[in-house]
Amino acid sequence: MTDTKLRELLVVIDDHYGRARSLEERRADTQIYIRAFGTIPDEIVEKALYTAFTQCRFQNQLIVDWCAEIKKLLSAQQPSANDLWAQAAAAARKIEANLYYQTHGGFIAPDGRKLKGEDFKKENAKIFAALPMVVQRWAGSPADLSEIFSSRSSADLRQFVRPGFDRAVQDAPVESLQPPALPGGAAPAQIGGGTA
């Protein structure tokens with residue numbers, strides 16, 4: 001959230017509750033809001049505030065309802081456990097194929113280049129690094145991810161492996177559900193730093 005939007009929303013909060021806060025209370029609230037919402041986009045913070053107004057009757061309890069609404073909005077934008085499972089399965093198939101070539105002497109590409117075991121090892125690391133952090137933590141390594149999907153039947157995966165995966169996704173912080181950022185990608189300006 002940008003500092004301009006924070007100031008604007010503080011005025012909206014005071015207007016909504018019909019009570020002007022003292023300078024000390026406003027400073028304390030500002031610090032809390034900066035820590036809680038500093039990296040969240042303005043649109044989400046503002047939308048969550050108006051939803052929180054419908055539930056919260058007391059200004060002192062606003063932060064709790066506001067945080068809950070923001071969490072709901074952020075989780076709605078995240079990939080589902082099914083999406084992450086499909087990504088993990090697709091990555092496991094690619095890694096498994098690369099592991100085969102890595103251990104069997106390499107591969108001659110259609111253009112005549114000879115790809116060696118090290119090339120496939122690097123490719124597996126790239127495939128694994130492109131997965132969301134929660135999937136990486138759950139699987140452990142590229143070889144472990146391949147092992148999980150290749151050594152079990154689909155019934156075993158559904159019955160024994162998938163519940164643990166779903167729990168890991170459910171318990172994961174929201175940030176770890178997104179794929180890693182691309183190198184050189186700039187984030188929008190936020191309170192406390194960032195790039196513009």
Just checking: which of the helices (runs of 4 or more DSSP H) contained wholly in region 103-196 hold 2 or more residues that are under 30 Å from Leu74 (Cα atoms) and at pLDDT below 90? 162-171
Filter region 56-69 for residues that are assigned to a helix (DSSP H, G or I) and surrounded by 19 or more Cβ atoms within 10 Å (Cβ to Cβ); the one that is modelled with the lowest pLDDT is Leu62
Could you say which residue among Lys72, Lys94, Lys47 is at pLDDT 90 or above and either outside the structural domain of Ser146 (by TED's automatic domain parsing) or touching a strand residue (DSSP E or B) at 6+ places or on another chain (Cβ under 7 Å) (or both)? Lys47
Restricted to region 83-130 and to residues being in contact with an Asp or Glu (Cβ under 9 Å, 6 or more places away or on another chain) and polar (S, T, N, Q), the residue farthest from Thr51 (Cα to Cα) is Gln102
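The values are calculated or read from the model by the stated rules, or taken from the named source; none is laboratory data. Keep in mind that what you see is a predicted model, and the values were worked out from it rather than measured. Because the Cβ atoms are built from the backbone with ideal geometry, glycine has one as well, and the counts that use them run over all protein chains shown.
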